[in-house]
1. Of all the residues that make up the range 87-123, how many are of a type in the set (Val, Ile, Thr) and modelled with pLDDT under 95?
2. If you go through the range 8-39 one residue at a time, how many are farther than 19 Å from Thr91 by Cβ, in contact (Cβ under 8 Å) with a residue 12 or more places away in the chain and in a loop (DSSP other than H, G, I, E, B)?
3. From Val12, Val48, which residue is open to solvent by less than 40 Å² (accessible area, probe 1.4 Å) and either of a type in the set (D, E, K, R) or under 10 Å from the mean Cα position of the chain (by Cα) (or both)?
4. Mind checking which residues of the range 67-123 are of a type in the set (A, V, I, L, M) and assigned to a strand (DSSP E or B)?
5. Hey, among Glu2, Glu89, which residue is touching a Pro at 6+ places or on another chain (Cβ under 9 Å) and more than 15 Å from Gly116 (Cβ to Cβ)?
6. Can you pull out the residues in the range 40-59 that are among the β-branched types (Val, Ile, Thr) and in a loop (DSSP other than H, G, I, E, B)?
Amino acid sequence: QEQLVESGGGLVQAGGSLRLSCAVSGMPSTSYTTAWFRQAPGKEREFVARVSWTGVNIDYADFAKGRFTISRDNANNTVYLQMNSLKSEDTANYYCATATTYRGRTVGYYDYWGQGTQVTVSS
């Protein structure tokens, strides 16, 4: 059964850091792209970053460039999102998702989703 489990969220002061983890299991494909999205209350879910199966292709939303780093450990079926220099506007529920191809940033491209982990940045 496909399962994605996020962890690592929490409360942090502005300027601080968090590392999110996404543990993946049961994927029907042996290779998949993994992405992070986020959703703040009253807002649409938005793309944060994605990484291809090999790790060669990586893409970030403009707000994430220079502050966030996505990486993956395929041996342990885990994808990470290191977030530095956090701002109050980064407050959201963060989700990881998988897709069978490195196709794009759109929510609809992703087949499986986790339940999310809450990140709250206090100013």
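1. Selection size over the range 87-123: 2.
2. Residues in the range 8-39 being farther than 19 Å from Thr91 by Cβ, in contact (Cβ under 8 Å) with a residue 12 or more places away in the chain and in a loop (DSSP other than H, G, I, E, B): 6 in total.
3. Val48
4. Ile70, Val79, Leu81, Met83, Ala92, Ala97, Ala99, Val119, Val121, listed by residue number.
5. Glu2
6. Within the range 40-59, Thr54, Val56 meet the criteria.
The values are calculated or read from the model by the stated rules, or taken from the named source; none is laboratory data. No experiment lies behind these values; they were computed from the predicted model shown. All Cβ positions, even for glycine, are placed from backbone atoms using ideal geometry, and neighbour counts span all protein chains on display. Accessible surface areas use protein heavy atoms only, side chains included; no ligands, DNA or RNA. Shrake-Rupley method; radii C 1.70, N 1.55, O 1.52, S 1.80 Å.
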